[in-house]
1. So, D216, is that one closer than 30 Å to A89 by Cβ and either within 16 Å of the ligand (Cβ to nearest atom) or surrounded by 17 or more Cβ atoms within 10 Å (Cβ to Cβ) (or both) or not?
2. For the stretch 88-140, name all the residues that are closer than 23 Å to A33 by Cβ, in a strand (DSSP E or B), touching a Phe, Trp or Tyr at 6+ places or on another chain (Cβ under 9 Å) and within 13 Å of the ligand (Cβ to nearest atom).
3. Test R194 against the stated conditions and say whether it is away from the ligand (no atom under 14 Å from the Cβ), closer than 28 Å to E317 by Cα and either assigned to a strand (DSSP E or B) or of a type outside the set (S, T, Y) (or both).
4. When the stretch 147-183 is examined, which residues are found to be β-branched (V, I, T), free of Cβ contacts under 8 Å to residues at least 60 places away in the same chain and within 13 Å of T19 (Cα to Cα)?
5. Out of everything in the stretch 63-87 that is part of a helix (DSSP H, G or I) and open to solvent by 10 Å² or more (accessible area, probe 1.4 Å), what residue ends up being nearest to the ligand (Cβ to nearest atom)?
6. Restricting the search to the stretch 4-39, which residues are open to solvent by 20 Å² or more (accessible area, probe 1.4 Å), away from the ligand (no atom under 13 Å from the Cβ) and aliphatic (A, V, I, L, M)?
7. Among the residues of the stretch 115-132, which ones are free of Cβ contacts under 8 Å to residues at least 40 places away in the same chain, within 14 Å of T86 (Cβ to Cβ) and buried (at least 16 other Cβ atoms within 10 Å of the Cβ)?
8. Among the listed residues D216, D206, D237, which satisfies the condition of being closer than 16 Å to Q153 by Cα, modelled with pLDDT of 95 or more and in contact with a strand residue (DSSP E or B) (Cβ under 7 Å, 6 or more places away or on another chain)?
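The values are calculated or read from the model by the stated rules, or taken from the named source; none is laboratory data. Quick caveat: nothing in here was measured; it's all calculated off a predicted structure. As a convention, Cβ positions derive from the backbone with ideal geometry for all residues, glycine included, and neighbour counts pool all protein chains shown. Ligands, DNA and RNA are excluded from the accessible area calculation, which covers all protein heavy atoms including side chains. Shrake-Rupley method; radii C 1.70, N 1.55, O 1.52, S 1.80 Å.
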Amino acid sequence: MTPFERALRDRISADGPITVEAYMEACNAHYYATRDPLGASGDFTTAPEISQMFGEMIGAALADCWTRAGAPADAVYVELGPGRGTLAADALRVMRQAGFAGEVHLVETSPVLREAQQRAVLGAHFHEFVGDLLAKPMLLVANEFLDALPIRQHVNGVERRVTIAAGGLAFDPDGEIVELSPARERAVHAVAERLVKNGGVALFIDYGHEGSGRGDTLQAVRDHRFAPVLADPGEQDLTSHVDFEAVVRSASATGAAVTPLISQREWLGRLGIEARAAALSRFNPEHANEIQAALHRLTTGDAMGELFKVIAIHSPEWPAPAGFE
Ligand code: SAH
């Protein structure tokens, strides 16, 4: 048993069962603080790690929106949970070419990943929470960030907890589950509030569903496979599907404008990812097969294309980003 699991069990023995929210928060804080979980040698692979095209499309969308908003010089690039900083590096390369010269602000709690991000994006400023961001127009992106924030689960109105039974961790009670994520709603609300006040646009990309009420979506991933949620706490990635109805509600409550929710396949297609793949293949004919495989993984329904969704929140004074209508 790891020292982390030992401490978690001691805490439950001393104080009683902990909520699913407290469990997820403690496990993920430990998990992300102690490793780089991304890529083939890690536990899971995200879109920016599959191909540079993903970050480039996001950079193009943000730069275009910024240009149409009059190219405000004080606008900053912001990313929530930037992983290895790959998306930021790819997006910023495109944005710099479009004339964007603003600062880079990264919201990240993991010291290990901050180090990777520092190497990928020179001169980046770091923050612990969205609430710490400056009062400036933002060009913000968050890929697979909301899914990692803790959720609450309720069974018949009773909050579900993690307890110790028969010498192991167990859920109590079992039954039909309703999920809520106050942490996610706080993050979205804080972003939207700033967009309304200072201008800007935010892109949220994640797996999830359009309507609330999908039951139990809490999952654990380790070594590129699903694993039991209560196995090896702190050693596997805990996420849940994002309830985009709740995202829309939190954002709209601030007066921010919200685009329709669309699939990653549809959004990347409208932004011209196929043309980008063709151009990359022409420049690198020896990598044409890899580029085609990456395009397939990002956009087809049997890979990430349909499960992953994209939504934008923007200041009512800014234009909506491209690709949503
Ligand atoms: N966006 C990246 C990484 C996704 S993994 C990519 O697409 O590759 C989730 C990221 O969110 C990690 O960088 C993790 O450290 C960060 N993270 C998780 N919980 C967080 C929190 N509460 N506050 C800030 N960052 C968090």
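1. no
2. H105, L106, V107 - these are the residues of the stretch 88-140 that are closer than 23 Å to A33 by Cβ, in a strand (DSSP E or B), touching a Phe, Trp or Tyr at 6+ places or on another chain (Cβ under 9 Å) and within 13 Å of the ligand (Cβ to nearest atom).
3. Details: away from the ligand (no atom under 14 Å from the Cβ): yes; closer than 28 Å to E317 by Cα: yes; either assigned to a strand (DSSP E or B) or of a type outside the set (S, T, Y) (or both): yes.
Answer is yes for this residue.
4. Start the filter on the stretch 147-183 by keeping residues that are β-branched (V, I, T), which leaves 151, 155, 158, 162-164, 177-178.
After this cut, where a residue has to be free of Cβ contacts under 8 Å to residues at least 60 places away in the same chain as well, the list is 155, 158, 177-178.
Within the stretch 147-183, V155, V158 qualify.
5. Our first condition is that a residue be part of a helix (DSSP H, G or I); within the stretch 63-87, this holds for 63-68, 86-87.
Of the ones still in play, those that are also open to solvent by 10 Å² or more (accessible area, probe 1.4 Å) are 64, 66-68, 86.
Details: D64: 21, W66: 21, T67: 25, R68: 26, T86: 6 Å.
Among them, the one singled out is T86.
6. The answer is A7, A14, A22.
7. Q117, A120, V121, A124 - these are the residues of the stretch 115-132 that are free of Cβ contacts under 8 Å to residues at least 40 places away in the same chain, within 14 Å of T86 (Cβ to Cβ) and buried (at least 16 other Cβ atoms within 10 Å of the Cβ).
8. It is D216.
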